[in-house]
Amino acid sequence: MTDSLLNILKFALLAMLYLFFARVLWAVWSEVRGPRKQTPVQAAARAAAAAAPMAAHGPPTQGQPPSGRAPKPLKTKAPPRGKKGSVARLIVLEPRGSKGTAIGVADEVTFGRAPGCTVSVPDDSFVSQLHARVFNDQGNIIIEDFGSTNGTYVNGTRLTVPVALRRGDRIQFGSTVLEAN
């Protein structure tokens, strides 16, 4: 081989090594910085993969999602209008291990990892110690986020103020998805 061909191959190898290291650094940086803040449009465009279970009164049976990243809010349609009656309970849709569990909302229900919460989710690291609460305010069922890091979502929109729930609304915090019924 000629010297010029060897020089070309040497530069091609160096370029490939730089690209490889750049990709490794990008992957490490993505894991270290954590999830990015999303606009409601971006949040609605992604589907959540829920893997961590939730128990209404006890510890879950599995750990957190395998990716190690916060689950994305579910893509949901607006709840159907015209359903009569007020919200009386929340039905667990995700995780699969707790699917169908009904949580009554007659007075106040708190969600979080702390053992004192009404619904404790101790193994989901994307849920705060005291994450959110659902309470009855003169016949209206209200959901309120307690300033959690990863947020509480209603129909794919992150809560910034307390919101009244309607039948069919979907609530998500961490890997847990509930439906107002």
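The values are calculated or read from the model by the stated rules, or taken from the named source; none is laboratory data. The structure presented is a predicted model; accordingly, all values stated were derived computationally and were not measured. Positions of Cβ are backbone-derived with ideal geometry, glycine not excepted, and every protein chain shown enters the neighbour counts. Areas reflect the complete protein model, heavy atoms only, side chains present, ligands, DNA and RNA absent. Shrake-Rupley method; radii C 1.70, N 1.55, O 1.52, S 1.80 Å.
For the pair MET16 and ASN136, how long in nm is the line joining their label points, each one 7 Å along Cα→Cβ?
6.9
Let me check against my output: what whole-number percent is the relative contact order of the range 83-181, with C-alpha pairs under 8 Å and at least 6 apart?
In percent, rounded to a whole number, it is 28.
Using 0.36 nm per residue of separation minus the Cα-Cα distance, give me the extension gain between THR149 and ALA102 in nm, one decimal.
14.3 nm
Compute the distance in nm between two label points, each set 7 Å from the Cα along the Cα-to-Cβ direction, one at VAL32 and one at ILE91.
It works out to 4.6 nm between the two label points.
Which net charge results for the neighbourhood of SER128, defined as the other residues with beta-carbon distances under 15 angstrom from its beta-carbon, given Lys and Arg at +1 and Asp and Glu at -1?
-1
Gain in length, ARG23 to LEU6, computed as 0.36 nm per residue apart minus the alpha-carbon separation, to one decimal in nm?
Stretched out fully, the ARG23 to LEU6 stretch lengthens by 3.5 nm.
Residue by residue, what Karplus-based ³J(HN,Hα) values in Hz, rounded to whole numbers, does the range 115-132 have, using 6.51, -1.76 and 1.60 with θ = phi - 60° and x for Gly and Pro?
Ordered by residue, 3J(HN,Hα) equals x, x, 6, 4, 10, 9, 10, x, 9, 9, 6, 8, 10, 6, 4, 10, 8, 7 Hz.
Based on the Kirkwood radius over alpha-carbon pairs, what value in µm²/s does the Stokes-Einstein equation return for the translational diffusion coefficient of the range 109-181 at 25 °C and 0.890 mPa s?
203
If contacts are Cα pairs under 8 angstrom and at least 6 residues apart, what is the relative contact order of the range 85-135 in percent?
28
What percent do you get for the relative contact order of the range 141-181 when only Cα pairs under 8 Å and 6+ apart count?
37
What does the accessible area of GLU31 come to, in Å² to the nearest 10, when a probe of 1.4 Å is used?
Taking all protein chains as shown, GLU31 has close to 110 Å².
When the Debye formula is applied to the Cα atoms of the range 99-146, each taken as the same point scatterer, what base-10 log of I(q)/I(0) results at q = 0.29, 0.30, 0.33 Å⁻¹?
Debye intensities relative to I(0), on a log10 scale: -1.07, -1.10, -1.16.
Size of the dipole of the range 107-181 about the Cα centre, Lys and Arg at +1 and Asp and Glu at -1 on the beta carbon, nothing else charged, in debye to 20?
180
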